[in-house]
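> Supplied in structure tokens, the structure appears directly below.
The values are calculated or read from the model by the stated rules, or taken from the named source; none is laboratory data. Bear in mind the structure is a predicted one, so any value in this text is a computation, not a measurement. Note: ideal-geometry Cβ built from the backbone for every residue, glycine included; neighbour counts use all protein chains shown.
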Amino acid sequence: MSHNRFLRFAFLLVALAASCYHLSAQGFLRADGQRIVNEKGENVLLRGIGLGGWMLQEGYMLHINKEGQQHLIRKKIDSLIGPEKTKEFYDAWLANNTRKTDIDSLKKWGFNSVRLPMHFDLYTLPVDQEKDSTKDTWLTKGFEMTDKLLAWCKANKIYLILDLHAAPSGQGNDLNISDRDGSKPSLWQSSNSQRKTIALWKKLAERYANEPWIGGYDIINEPNWGFDDPANDRNGLKEQHNAPLKKLMEDITTAIRQVDKKHIVIIEGNGWGNNYNGILPTWDNNMVLSFHKYWNYNDTNSIRHIINTRTKYNVPVWVGETGENSNVWYTEAIRLMEDHNIGWAWWPLKKLGNNNPLEVKSNPDYDKVAAYINGGPKPDAATAYKGVMTLANALKTENNIVHRDVIDAMFRQPHNATAIPFKSNVITNNTVLSAVDYDLGINGVAYFDKDTADYHVSKNNSRGGNRGRTYRNDGVDITKDSLNNIYVMSTEAGEWLQYTVTVSKTGKYAIGLTTAAKADGGKAAISLDGVAAINDFVIPAGNWATHTAGNIELSKGRHVLRVQIVEGGFNLKDISFTAAK
């Protein structure tokens, strides 16, 4: 090896060692005034995601809108296939839902943290199943799952935040989120369940006290209970005192600090995380406040209470749960939070649905199971078993649909307003582009849609976004028919779709639009590189057919094509290019 090559090699080794040291030396997170910092005192902006649906199923994630608590879903499945096969399904569910490949993917995409929604019953028995209700039986399953997840996170230098999503007996009147049995006393009505909750956190803290890649302990997810007025304020939105909630969180903190002085303790207010009346100031010098944000506007006023609370009590804040919306909303929310140095954890990583990074594919046999749980006809045992086991296999990352548009909206679009191709659209003498493969980017740059997101909390119950809830998660309305043809629907005047294309050969091309329209038809226009090319092309009424809009001269190379909706009401499936005669 030459002297110069040796010096370069040595320099690379030093740089690599320094890089590795920086990653490994981040150490425990802690609260520092209004910031979350690492052991070097560097600001840490948490970009995370919640593993919803893994340890704790919620009905909506499974297309179940009736009796959506996990224990009821399991009971229904048991009634179809029996206890032995039901256990087989749930074992497969826990094994397949989250694996190392999922955490590897999160790192690749840009996430630096994971929030684990824990179900207590994987760690300890319910109080009413204990031989002595004042003592605790510890189960190995939950701890082993958490250990594996932590190992995957450590390998990727990702922080793991433990979140007690389902506390013993359930922490609120929103039954699904905590798998609560509403016929039994809640966490707030059972002193033994409160004692068990405290004991569980002490057990967890003792186990992970010396693990720097544990980011913190989110001790009670979304409490929602009316203490002062349970009849009229069931979810604690108007609660003024929150005394039982504060006391339990103080007691949990005390138990944690008996065995763990290092980790952040994260608390959540009543009313699904945002009602801190009577709870503050904080009682520990290493504490973070979690707020949850859904379906409201993404302006400073929407987080004013978070910012004001942070300033008043000189404590870090974190949006520990948010999401379940369109890409437009995601980009707006992340830009807003990061501009104010507020970290976030999206919800969830995967489910049956298109508005998350990973989509779990359903199957016809499982659809019959879901329909039965929702009140429909009962499928036979063989069909039900095949359906749920096929669903369990579909949970694996390699079988998921990866929504690149969602990931792009979360990591690139908040700070980059350019459009990039969704697919490599190469134009030859005979090319068909799917209309749904328009460019990736923000609304008004890659496409323009008038109804882009769900702001129903702020805007008179208005629920916008992709009305078809298929394929992509932008504002563009996309659906599919019984033959699985995917197309753009519900077009409105003024909307448009942009396609970055690469033309392989200079020439004149006939452009066709495959459309379907009702009696009034519609009109479209096409521009090329910002210049009008075809104006006011009439879309005739009728079923799917391809109509030649006109001829365009295309030079070899990269171009930007826009299809503009002049008069809406038609559906658009394809854009075709053929060599003009």
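> Somewhere in segment 350-365, is a residue modelled with pLDDT under 95 and either closer than 30 Å to residue 47 by Cβ or in a loop (DSSP other than H, G, I, E, B) (or both)? Spell out how you get there, then give the answer.
Filtering segment 350-365 for residues modelled with pLDDT under 95 gives 353-354.
This time we only want the ones that are either closer than 30 Å to residue 47 by Cβ or in a loop (DSSP other than H, G, I, E, B) (or both), so: 353-354.
Yes, some residue in segment 350-365 is modelled with pLDDT under 95 and either closer than 30 Å to residue 47 by Cβ or in a loop (DSSP other than H, G, I, E, B) (or both).
> Among the residues of segment 371-388, write down those that are in contact (Cβ under 8 Å) with a residue 40 or more places away in the chain and buried (at least 22 other Cβ atoms within 10 Å of the Cβ).
Within segment 371-388, 373, 384, 388 qualify.
> So which residues in segment 57-69 are surrounded by 21 or more Cβ atoms within 10 Å (Cβ to Cβ) and closer than 14 Å to residue 370 by Cβ, if there are any at all?
Of all residues in segment 57-69, those surrounded by 21 or more Cβ atoms within 10 Å (Cβ to Cβ) come to 57-58, 62, 64, 69.
Correct list: 57, 58, 62, 64.
> In addition: Got at least one residue in segment 559-570 being surrounded by 13 or more Cβ atoms within 10 Å (Cβ to Cβ), assigned to a loop (DSSP other than H, G, I, E, B) and in contact (Cβ under 8 Å) with a residue 12 or more places away in the chain?
yes
> Then there's this: State the number of residues belonging to segment 245-281 that are in a helix (DSSP H, G or I) and of a type in the set (D, E, K, R). If you could, list the steps in order and put the result at the bottom.
Step one: filter segment 245-281 for residues in a helix (DSSP H, G or I), giving 245-259, 270-273.
Narrowing further to those that are of a type in the set (D, E, K, R): 246-247, 250-251, 257.
Result for segment 245-281: 5.
> Give 203, 107, 131 a once-over and let me know the one that is surrounded by fewer than 19 Cβ atoms within 10 Å (Cβ to Cβ), in contact with a strand residue (DSSP E or B) (Cβ under 8 Å, 6 or more places away or on another chain) and outside any strand (DSSP E or B).
Residue meeting the stated conditions: 203.
> Quick check on this structure: which one of 406, 476, 432 is within 21 Å of residue 522 (Cβ to Cβ) and buried (at least 21 other Cβ atoms within 10 Å of the Cβ)?
It is 476.
> Moving on. Quick check on this structure: which one of 487, 499, 471 is at pLDDT 95 or above and either part of a loop (DSSP other than H, G, I, E, B) or closer than 30 Å to residue 301 by Cβ (or both)?
After ruling out the rest, the residue left standing is 471.
> Which of (1) over 18 Å from the mean Cα position of the chain (by Cα); (2) part of a loop (DSSP other than H, G, I, E, B) is the odd one out, the single condition residue 151 does not satisfy?
So residue 151 meets the others, but not (2).
> Looking only at segment 19-59, how many residues end up being modelled with pLDDT under 95 and aliphatic (A, V, I, L, M)?
Total meeting the criteria: 2.
> Take the residues of segment 324-341 that are closer than 17 Å to residue 110 by Cβ and without any contact (Cβ under 8 Å) to a residue 60 or more places away in the chain: which is nearest to the chain's Cα centre (by Cα)?
Step by step, filter segment 324-341, then rank; the result is 333.
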